[in-house]
Each structure stands twice: as C-alpha cells, then as structure tokens.
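All remarks here apply to the structure that follows.
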Ligand SMILES: Cc1cc2nc3c(=O)[nH]c(=O)nc-3n(C[C@H](O)[C@H](O)[C@H](O)COP(=O)(O)O)c2cc1C
C-alpha cells in the first residue's frame, strides 16, 4: 500500500509535535509497540526485536489469569522477562474480576511494568468462558472487571480490544470512553470485529471513532501494519498516538527501528538481508535454549524457524531438514547447509521480498 509523500510529511510533522508516549506514569521510548502473538511473542523473540531497536513496549502472549495464580511452570514461563526486555507488559485474560485482580497484583509483585487486559481474542475456547472478545458484549460486568483491576494495582493498566463483537455492535468507542473514566492508561484497537476474525480489511474509520471518543488517553492503532506506508496511513486516518505490530514484526523484526528512523529522519534503512536473518535465527535459538534447555528448544523453535526460513527464501527441502533436526548437531549442520545455499532468489546481502503471515481462516468457532 503506497502513501503520498505529503501524507508521510504531515504525519511526521504531527508526531514531532506530540509529547512522548505516556501510559499513565510510564513514559515509552517510542510509539511503536509489539502486539501480542500467542506462541511467538515469548522472551527470546522479544529480546531479538529489542536488540534491533525501536520497540516502545512489548507485550507477552495472552496469559490465563487463573493459570498464573495456580503457578504452573508453563504459565510462569510466559511471564519471564530479563533486564533487556523492558519495559514490558503482561497480557492477562479471564472473566472473573477477583481472579483478574489477584493476577494483576501478583504481576505487580514480580516487577512487571504494565498490565494489559485481553478483550480482543476471538478464539472460541476463550470467548465461551466469558473472556477475550466476549467481554465486549457485557457492559456492566466488563466495566466492573476493568475497574477492579485498575484499583488493585499502581501500574498502568491497558485494554486491547476489537471494534466490537460484530458490525451491529461496534462498542469499542463507548468502552474506551468508560475505561478512561475508571483509570485505564491506554487502549489498543485491532480494527476488526470478532465476527470478522482476521478476514476483510482493517476499518481505520472505526479506530478513528475510538480516538474521538476518549479525552486524553493514548489510542494504539493495530492491524495489518507491515510497512512504513501502512503505519503512516494508520496515523493519518485515525489520529492515533501509537501503533502496534504483530505479524509485521514476525515478517520483519527490523520494523520498529525502521519506524523510529522514518519518524526522526524520514529515511528508514532497509530490513535485514538473508545473512542478517540467519544471525537472528541462531541468536533467537540460543535464547530459547537458555530459557528452556536444548531438548525443548529444538521442538519449540520449529514454529518460529518456519517464519525465519520462509522470509529467507530457503527452499522447502532445506526447511524440512532443519524442521526434522533432533539434536543440536543436526540443527547446526542443517544451518550450515542453509547458509551455504543462500536464498532461492535474489542476493544474500540484498533486500528480501515482503512476507505475509497467514492467519487462521474459516468460521472462528472452529479455531
Ligand atoms: C498467531 C496469532 C496470535 C495472536 N495472539 C494474540 C494474543 O495472545 N493476544 C491478543 O490480544 N491478540 C493476539 N493476536 C492478535 C494480534 O495481537 C493483532 O491484534 C492482530 O494480529 C492484528 O495485528 P497485526 O496485523 O499487526 O498482526 C494474535 C494474532 C495472531 C495472528
């Protein structure tokens, strides 16, 4: 999606006039945020994008508030962080205000910088227990839940939601206004309804209505931002103060840094090459080993390796070889072959084509 140069200039002028992005008492270094992607936005990936630069705030995958209180090792791993991973937010989901309150207090005790409440997840497993996007269907209960969490902690509390349940119930502007009144520090809006899942286009007019509904809290525009032009358009058409990227960050982890360069100089550098991505892949794998041990790292890294290798235009036979590695030696040997082969098109030091990350499709009841 291309955008006229005058739009870029007008947006950059507006951003230059804005004060730094503020979530309550937390001042963020940039207005480019990492959106939660369950299964991907774990500590190793967050470390990678932060090392590349430009990330104002990164959020964990969604975490079950009750699971957090139960203290299971898998849930606790989701909220692990380190000094390089700051500031960071934990996103919690649930439908019981008391459980959400206790989870928020537990997180505050663990030194989290901000807490995000999930009100956008369309997946049936989450909505059928009254959490995620289904919170957008119950005004009083939802306000009570959010108020309870805000009042229980001194940290900034944010909410991430969709435009509404469906096109007949676009409740995001009303919720955003009410949330501001109960002390929510910012809202992030994925510009689709629950009914849409990931289909159709992001409705930037809908996001603009949320921006217009609040008095002063920042609104974060989200959805389908993969390039600087996509981001410029989100700022221009919604008036939002910040943007967040999920799939775009998987496809191009340099995106945050590029946005900061665009905002400050107007001339972002290109994303990393095949060779640069190979360095990132190896480094992220090492971080996974550090966190989970070698055996679990090899199996749990497959999902992420898939996107790295696709973005690097590695042929299927070599991708499969890495994906079937069972030992560190097999993993390393396979990477040596991948490095020697290079990308199947273009140069190993040049720019790679854009990568689209597909999303679940079909009726979202079945996801
Ligand atoms: C695989 C996947 C996992 C996701 N997990 C979460 C999640 O845990 N919490 C959440 O609020 N949104 C989640 N989302 C939604 C994203 O945060 C984001 O709102 C959506 O993908 C649109 O933004 P994007 O086009 O930049 O990815 C997920 C999306 C995908 C594709």
Can you confirm whether the stretch 295-306 contains a residue that is within 29 Å of residue 200 (Cβ to Cβ) and without any contact (Cβ under 8 Å) to a residue 40 or more places away in the chain?
yes
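Yes/no matrix, rows are residues, columns are (1) assigned by TED's automatic domain parsing to the domain that holds residue 121; (2) closer than 21 Å to residue 118 by Cβ; (3) more than 15 Å from the ligand (Cβ to nearest atom):
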{"residue": "12", "(1), (2), (3)": "yes, no, yes"}
{"residue": "18", "(1), (2), (3)": "yes, no, yes"}
{"residue": "26", "(1), (2), (3)": "yes, yes, yes"}
{"residue": "29", "(1), (2), (3)": "yes, no, yes"}
{"residue": "33", "(1), (2), (3)": "yes, yes, no"}
{"residue": "37", "(1), (2), (3)": "yes, yes, no"}
{"residue": "45", "(1), (2), (3)": "yes, yes, no"}
{"residue": "49", "(1), (2), (3)": "yes, yes, no"}
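Every residue, every condition in (1) touching a residue at least 40 places away in the same chain (Cβ under 8 Å); (2) within 27 Å of residue 29 (Cα to Cα), yes or no:
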| residue | (1), (2) |
| --- | --- |
| 72 | no, no |
| 81 | no, yes |
| 88 | yes, yes |
| 93 | no, yes |
| 98 | yes, no |
| 101 | yes, no |
| 104 | yes, yes |
| 108 | yes, yes |
Looking across the stretch 86-104 at residues that are surrounded by 18 or more Cβ atoms within 10 Å (Cβ to Cβ) and under 16 Å from the mean Cα position of the chain (by Cα), the single one that is nearest to the ligand (Cβ to nearest atom) is 91
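Does residue 284 satisfy the criteria of being away from the ligand (no atom under 11 Å from the Cβ), under 23 Å from residue 84 (Cβ atoms) and not assigned by TED's automatic domain parsing to the domain that holds residue 320? Spell out how you get there, then give the answer.
Numbers: away from the ligand (no atom under 11 Å from the Cβ): yes; under 23 Å from residue 84 (Cβ atoms): yes; not assigned by TED's automatic domain parsing to the domain that holds residue 320: no.
It is false that residue 284 is away from the ligand (no atom under 11 Å from the Cβ), under 23 Å from residue 84 (Cβ atoms) and not assigned by TED's automatic domain parsing to the domain that holds residue 320.
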Selected residue [more than 24 Å from the chain's Cα centre (by Cα) and either assigned to a helix (DSSP H, G or I) or surrounded by fewer than 18 Cβ atoms within 10 Å (Cβ to Cβ) (or both)] from 286, 354, 275:
275
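Tell me, yes or no, whether the stretch 132-139 has at least one residue that is more than 16 Å from the ligand (Cβ to nearest atom), over 18 Å from the mean Cα position of the chain (by Cα) and not in a loop (DSSP other than H, G, I, E, B).
For the stretch 132-139, residues more than 16 Å from the ligand (Cβ to nearest atom), over 18 Å from the mean Cα position of the chain (by Cα) and not in a loop (DSSP other than H, G, I, E, B): present.
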How many residues are within 13 Å of the ligand (Cβ to nearest atom), on the phi < 0 side of the Ramachandran plot and outside any helix (DSSP H, G or I) if we restrict to the stretch 218-241?
6
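The values are calculated or read from the model by the stated rules, or taken from the named source; none is laboratory data. Here the structure is a predicted model, which is why all the values come from computation and not from measurement. Every residue, glycine as well, gets a Cβ built from its backbone with ideal geometry; the counts of neighbours run over all protein chains shown.
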